[in-house]
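What follows is calculated from the coordinates using simple rules that are stated; it is not laboratory data. Bear in mind that the values here come from a model prediction, so they are computed numbers and not experimental data. Cβ atoms come from the backbone with ideal geometry, glycine included; neighbour counts cover every protein chain shown.
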C-alpha cells in the first residue's frame, strides 16, 4: 500500500475516523498499532512477524538495561552489543548477504579460484533499514540514560514500560516505510500523552500532504520516466548533454520523490495529532556540500552523526581522527542506501567533499537547517548575493555529479557517463540530440523552474502551501487547482517511492 493510491486514501479515512472516534491515548495507540500492521502487511504479511520480533527483542533488552542500572557496566554493554548484533545482523542477512557473498566470490575469482559459496534468495522487507535504525537507537539511548544516571548527570529517561506505546512508536505507519527516522525521546512522549483533535493542525497536515502528492505525481514520476530512458539500459548510449540533463532531472526526481514521501508522512501524522521531525530543509539552496547534508534527509544524517560519527571521535581528537570518522560515517551511509559498490563509492565521495567543504567554507556561510530570507542574500542584492548564488550553483553541480554514482546501474556505467559528459559537452553536434527530447523539456522544464521559484519565495514558511497571508478564496482556488492538476497528470501506474528499495 503506497501513499499515491486510492487504497491508501480509503485506509487513511477509516483510520482517521476510528482513531478520533475512541477516547483515551491507550485506545488511540491500539488503533494506530493495528492500522500500522495492516499497512505494513499489505505488502507481505510475513513482514509483520519480522518487525514484531525485532521490536520485542529491543523492548526486552531496554527493560533489562533499566532493571540492571545499578549493576556492572560490562553487563549493560553486553546487552547493547547484543541489540547491535541482532539488529545489524538482521539487516545484513536480508540486505547485504548476497552483496558480500558475490563480492567475495569475485575477489577469489580474480585470483583464479572458483569458489562455491552458499546463496540465499530472500525478499528484502520494505522499510527494514528505517525501523531497524529506529529500534537500535532506542536501546542505545536507554543505555546512555543509564550511564548518565550512574554518573549523576541529569538526563531524562527514554525507556517505557508500555509495550503498546513502544510497538506503536516503532511501527507508526506514516513514517514506517521510508522515514523520517524518529527518536524515541521525541515521538514516545507524544504517544504517552492524551491527544485531542486540533482542526488547525489537521488542515495544515492536509495541505502538506497535497504538496507531497503534487511533487511526487506531477514531477517525480514523470522525471523518472525520462531518467529511466537514459540510465535504465545500463549501457551509455546517450550524448553527454542528454546525460547531463538526465542527471539534473534525477537530482530533482529524487528530491521531489523523497521529500514528497516525508511531506505526506508528516502531514498524515498531523491529521492524527502527532508531530514528526522535519526531513528536508531546501537542500538545493545550500552553499556547500556539508551544508547540503545538514538539509538533506536530516533524520538519517543526524542518526549517523549521533551513533557513528560522534562515537568514532568526531572532531574532538585532531584532523586524522576527524577524517577517519567522516569517511567511515559517509561510507557506511552509502552502504546503508544499497548493497552495491556504487553506493559505497557514492558515500565515500560525499565524505571527501564534506571534509573539504568544511575546511574551505567561509565563516559567513549559514549552517543552520532552516533557511530564512535573511540567511542568504537574494541573487540580485549586490556582490554578496552573487557570490551566494555562485556557491549554490557550484554546490548543486557537485551534488549532481555524485548523483551519477547513486543512479547508475553499476560502476562501469557511472564511469562511462562521466567520460561521455566530459568528452561531449564541448561538441556542438552532441547537443543536437536534445532536440529528440524537446517535448519533455518544454513541458517539464518550466515546471522545475516554477518549483525552484516557489520554494525560494516560501523558504521562510514551514511548507509552500502554508500561505497564511493569502486571502482564503485565493488559497482555496490554489489548493483546488493543484489538486485537479495532480489528478490530471497522475500516471496509470504511479511509481513506487525511490527509498522503498532501501
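Give the peptides 37-48, 430-441 in descending order of average Cβ contacts within 10 Å, highest first.
Order by mean packing, descending: 37-48, 430-441.
Based only on Cα atoms, what mean projected area does the convex hull of the chain have, in nm²?
Average of the hull's projected areas for the chain equals 27.4 nm².
Going by average Cβ neighbours within 10 Å, how do the peptides 209-219, 8-18 rank, with the highest at the top?
209-219, 8-18
Between residue 436 and residue 457, what's the calculated FRET efficiency when r is the beta-carbon distance and R0 is 60 Å? Round to 0.05.
It comes out at approximately 0.95.
How big is D for segment 6-196, in µm² s⁻¹ as a whole number, if Stokes-Einstein is applied with the Kirkwood radius of its Cα pairs at 20 °C and 1.002 mPa s?
The diffusion coefficient I find is 115 µm²/s.
Dividing the alpha-carbon Rg of segment 399-460 by 2.2 N^0.38 Å yields what?
1.46
Fewest Cβ neighbours within 10 Å first, please rank 396, 280 accordingly.
Ranked by crowding around the Cβ, least crowded first: 396, 280.
Fewest Cβ neighbours within 10 Å first, please rank 4, 468 accordingly.
Exposure proxy ranking, most exposed first: 468, 4.
Please give the calculated 222 nm ellipticity per residue for the chain, where each DSSP H segment of at least 4 residues contributes -39500 (n - 2.57) and the sum is spread over every residue; nearest 500 deg cm²/dmol?
When only DSSP H runs of four or more count, the value is -21500 deg cm²/dmol.
In nm, what is the difference between 0.36 nm times the number of residues separating residue 93 and residue 423 and their Cα-Cα distance?
Gain on extension, residue 93 to residue 423, equals 114.6 nm.
For segment 275-333, how big is the tail of P(r) above 15 Å, as a whole percent of Cα pairs?
53
Quick one: compute a quarter of the convex hull surface over the Cα atoms of segment 414-502 and quote it in nm².
Average of the hull's projected areas for segment 414-502 equals 9.9 nm².
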